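Accompanying notes for the structure given below.
The values are calculated or read from the model by the stated rules, or taken from the named source; none is laboratory data. Because the structure is a prediction, the values reported are computed rather than measured. Cβ placement follows ideal geometry from the backbone for every residue including glycine, while neighbour counts extend to all protein chains displayed. Protein only, heavy atoms only, side chains kept; ligands, DNA and RNA dropped before computing areas. Shrake-Rupley method; radii C 1.70, N 1.55, O 1.52, S 1.80 Å.
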Amino acid sequence: MKILRINMKNLTVSEDKTMAYKGLGGRGLTSKIVHDEVPPSCHPLGSFNKLIFANGYLTGSGASSSDRYSIGAKSPLTGGIKESNAGGESGLFMGKLGIRALVFEDVRDDFKIVYISKDGVTFDDATPILGKELSEAVDILRNTYGKHIAVFLIGITGEKKMNIAAIAGQDKEKEPTRFNGRGGLGAVAGSKGIKAIVLDAEGVERNKPKDKEQFKTALKTYHKWLMETPGTAKIFPELGTAGLVKTTNALGALPTRNFSTGSFELADNISGEKLRETILERGGEGTPTHACMPGCIIRCSNVYANKAGKRVTSPVEYENIGLLGSNLGIGDLDDIAEINRLINEYGADTIETGATLGVLMSQNILSFGDAESVLNAVKEIKEGSPLGRIIGGGAELAGKLYGAYRVPTVKGQSFPAYDPRGVKSLGVTFATSPMGADHTAGQTIRAQVDHHSPEGQVKTSKLAQQVNTLFDALGMCYFSAGAVQGRFELLADLITAYTGEKMTDTKLKNIASETLRIEHDFNRKAGFTKAHDRLPEYLYYEMNEASKTVFDVPQEEVESIGVESNDR
């Protein structure tokens, strides 16, 4: 597997043959390149930043839930290191072309389509797809390059270099709905003039394991674990991530009206159970169970259809329900799905956008529960109006501009759909992760701990951050962690058999630890201090009436996570 370096200013391509990054994948690779090659003090949209697309170890192997890929850079939203990963099949196509990673360097003022095939890399004018919604842009790309391609692309927000800009990949139905959403990485792509990356793997055979029999044996065990575990065999396929709505609502952790409390009176109307019931009743193009990538056993995605049975968007996930629903006081799935669809079409992060809208509602710029006003406000993003630019800047910027006190962000990035007073170990993750407030950096919602007590939360978060980092480096969906249950030696066996390079569970754990260490190191050199490892002030003093708690995990314990990482 090769690493290609693409200079977008000169439109030149070279293969990295130094072997400096041999043995790394996914987040482990993106963060290592950012740490080693990007000046921590550089401007995120300037020529010194780099944008890295990296597959995990098992991408293309046929192992369930293993085709995820990471994108990394210095974030324009947080000012620190950033990795965001997604599923779908775009990473699979990159792997079929024999590419472990793409490293984009320098900047340009116009936009290009980067076309990659077995014959090499070429650059085409992106004018025909500029200013288009993502679905229309993808249709144009397929009509131009063929129906068989896979794509990465940015939307209008990326073209405008907004902080909420995401990078979209495609699912197995070729829809551009799998997003590397967090951290404004779409703006970094926009600064480099990357409108789209077209991956043409026609005529290229699927990758094969180096040791077919060993891989087959290990794979059989791994898939058996997935099919025996209730979460991966039944709960996720039936309810998807939206199955968490009732759980977080009961814990007092479902974000409600700009994270002012953690329980929503209309939660039953937007729950995973209601979502499944609605999709099944409508039939047509909707489905409550959907795999975003080929061969995934978990199938946590869905396709939401309108009352006529026509596809609206995919997927309607827990985070979107929380940030675009309860957080905005909206209790109707049709409204949430349409807001979700429009944000997707603009290529924006639904989490950051939803949190920003919540801040604006708290300042009476918009009204809680008014879905029509939300849709109109989101449309301002496309127009690039002052309001659209404010939303495009993210929640922290909106809060500063309107003098808001209650702004749910850490290190410039908004909370995902969990009130940290209701799930305190996630509050620790939000405060201490090098990524800013990010549940995927250390998810603890299913941890066996009293979520309302300050006891044990730092230990729980620290372990979760290690495990999440490991799965991000593997290119595997974290949802499989519940089935793996820490038995990483099997994952090491899968990697060894697939790649032909010896891997051990100890090495995997060390890669995760080292990745976290260098991420903290980068952020420290970028100007982050212990003062940044804190939640917003109001959460320590204002009670969440749903959970009857404030965030009271001792700060000296919280700060120990970053200190340990830097002192290794």
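Would you be able to tell me the number of residues in segment 366-377 that are over 25 Å from the mean Cα position of the chain (by Cα) and either open to solvent by 30 Å² or more (accessible area, probe 1.4 Å) or among the polar types (S, T, N, Q) (or both)? The total comes to 7.
Only one entry in GLY388, GLY369 is part of a helix (DSSP H, G or I), touching a helix residue (DSSP H, G or I) at 6+ places or on another chain (Cβ under 8 Å) and more than 16 Å from ALA242 (Cβ to Cβ), namely GLY388.
PHE471 satisfies every condition listed in (1) open to solvent by 50 Å² or more (accessible area, probe 1.4 Å); (2) within 17 Å of ASN55 (Cα to Cα); (3) part of a helix (DSSP H, G or I); (4) not aliphatic (A, V, I, L, M) except (1).
Identification of strands (runs of 3 or more DSSP E) wholly contained in segment 12-120 with 1 or more residues that are open to solvent by 20 Å² or more (accessible area, probe 1.4 Å) and not hydroxyl-bearing (Ser, Thr, Tyr) yields 12-16, 50-55, 81-86, 99-105, 112-117. Any residue in segment 210-227 that's β-branched (Val, Ile, Thr): show its pairings with residues that are open to solvent by less than 100 Å² (accessible area, probe 1.4 Å) at Cβ separation under 9 Å, as long as the two are six or more apart or on different chains. Close Cβ pairs (under 9 Å, with a partner that is open to solvent by less than 100 Å² (accessible area, probe 1.4 Å)) amount to THR217/ASP493; THR217/ALA497; THR221/LEU490; THR221/ASP493. Scanning segment 121-144 for residues that are more than 20 Å from GLU345 (Cα to Cα) and of a type outside the set (Ser, Thr, Tyr), we see that the one that is surrounded by the most Cβ atoms within 10 Å (Cβ to Cβ) is PHE123. In segment 378-396, the condition of being touching a Gly at 6+ places or on another chain (Cβ under 6 Å), over 22 Å from SER260 (Cβ atoms), of a type outside the set (Phe, Trp, Tyr) and surrounded by fewer than 24 Cβ atoms within 10 Å (Cβ to Cβ) is met by at least one residue.
Any residue at all in segment 500-509 that is under 23 Å from the mean Cα position of the chain (by Cα), under 24 Å from LYS210 (Cβ atoms) and of a type outside the set (A, V, I, L, M)? There is at least one residue in segment 500-509 that is under 23 Å from the mean Cα position of the chain (by Cα), under 24 Å from LYS210 (Cβ atoms) and of a type outside the set (A, V, I, L, M). If the condition is being open to solvent by 10 Å² or more (accessible area, probe 1.4 Å), under 21 Å from HIS532 (Cα atoms) and touching a residue at least 60 places away in the same chain (Cβ under 8 Å), then segment 440-468 contributes THR440, PRO454, VAL458, LYS462. Taking segment 510-534 as the range and being out of contact with any strand residue (DSSP E or B) (no Cβ under 6 Å at 6 or more places or on another chain), charged (D, E, K, R), assigned to a helix (DSSP H, G or I) and at pLDDT 95 or above as the test, the residues that pass are GLU514, ARG517, ASP521, ARG524, LYS525.
Residues in segment 522-545 that are among the aromatic types (Phe, Trp, Tyr) and in contact (Cβ under 8 Å) with a residue 40 or more places away in the chain were compared, and the one that is surrounded by the most Cβ atoms within 10 Å (Cβ to Cβ) is PHE522. Close Cβ contacts (under 6 Å, 6 or more residues apart or on different chains) running from residues in segment 101-119 that are closer than 13 Å to ARG5 by Cβ and among the aromatic types (Phe, Trp, Tyr) to residues that are open to solvent by less than 50 Å² (accessible area, probe 1.4 Å) and part of a loop (DSSP other than H, G, I, E, B) comprise PHE104/MET8; PHE104/LYS192. Filtering segment 68-121 to residues that are among the acidic types (Asp, Glu) and in contact with a helix residue (DSSP H, G or I) (Cβ under 7 Å, 6 or more places away or on another chain) leaves only GLU83. Flag: GLY403 matches the condition of being modelled with pLDDT of 95 or more, open to solvent by 30 Å² or more (accessible area, probe 1.4 Å), more than 20 Å from ASN340 (Cα to Cα) and not aromatic (Phe, Trp, Tyr).
The criterion of at least 2 residues that are in contact with a Ser or Thr (Cβ under 6 Å, 6 or more places away or on another chain) and either crowded, with 24+ Cβ neighbours inside 10 Å or free of Cβ contacts under 8 Å to residues at least 40 places away in the same chain (or both) is met by the following helices (runs of 4 or more DSSP H) wholly inside segment 240-337: 244-251, 318-324. Report yes if some residue within segment 520-527 is among the polar types (S, T, N, Q) and within 30 Å of ASN249 (Cα to Cα); otherwise report no. No; the residues of segment 520-527 include none that is among the polar types (S, T, N, Q) and within 30 Å of ASN249 (Cα to Cα).
Check whether at least one residue in segment 268-277 is hydrophobic (A, V, I, L, M, F, W, C) and more than 25 Å from GLY169 (Cβ to Cβ), and report yes or no. There is at least one residue in segment 268-277 that is hydrophobic (A, V, I, L, M, F, W, C) and more than 25 Å from GLY169 (Cβ to Cβ).
Select, from TYR498, TYR478, the only residue that is open to solvent by 10 Å² or more (accessible area, probe 1.4 Å), touching a Lys or Arg at 6+ places or on another chain (Cβ under 7 Å) and within 29 Å of PHE179 (Cα to Cα).
TYR498
Using the structure shown, decide if LYS507 is farther than 30 Å from THR248 by Cβ, charged (D, E, K, R), in contact with a Ser or Thr (Cβ under 6 Å, 6 or more places away or on another chain) and open to solvent by 20 Å² or more (accessible area, probe 1.4 Å). For LYS507, the condition - farther than 30 Å from THR248 by Cβ, charged (D, E, K, R), in contact with a Ser or Thr (Cβ under 6 Å, 6 or more places away or on another chain) and open to solvent by 20 Å² or more (accessible area, probe 1.4 Å) - is not met.
Contact map, segment 1-21: residues that are closer than 16 Å to ILE99 by Cα paired with residues that are open to solvent by 40 Å² or more (accessible area, probe 1.4 Å) and of a type in the set (S, T, N, Q), Cβ distance under 7 Å, separation 6+ or inter-chain. Pairs shown: ARG5/SER14.
Residues in segment 351-365 that are in contact with a strand residue (DSSP E or B) (Cβ under 9 Å, 6 or more places away or on another chain) and either of a type in the set (Asp, Glu) or surrounded by fewer than 24 Cβ atoms within 10 Å (Cβ to Cβ) (or both): GLU352 only.
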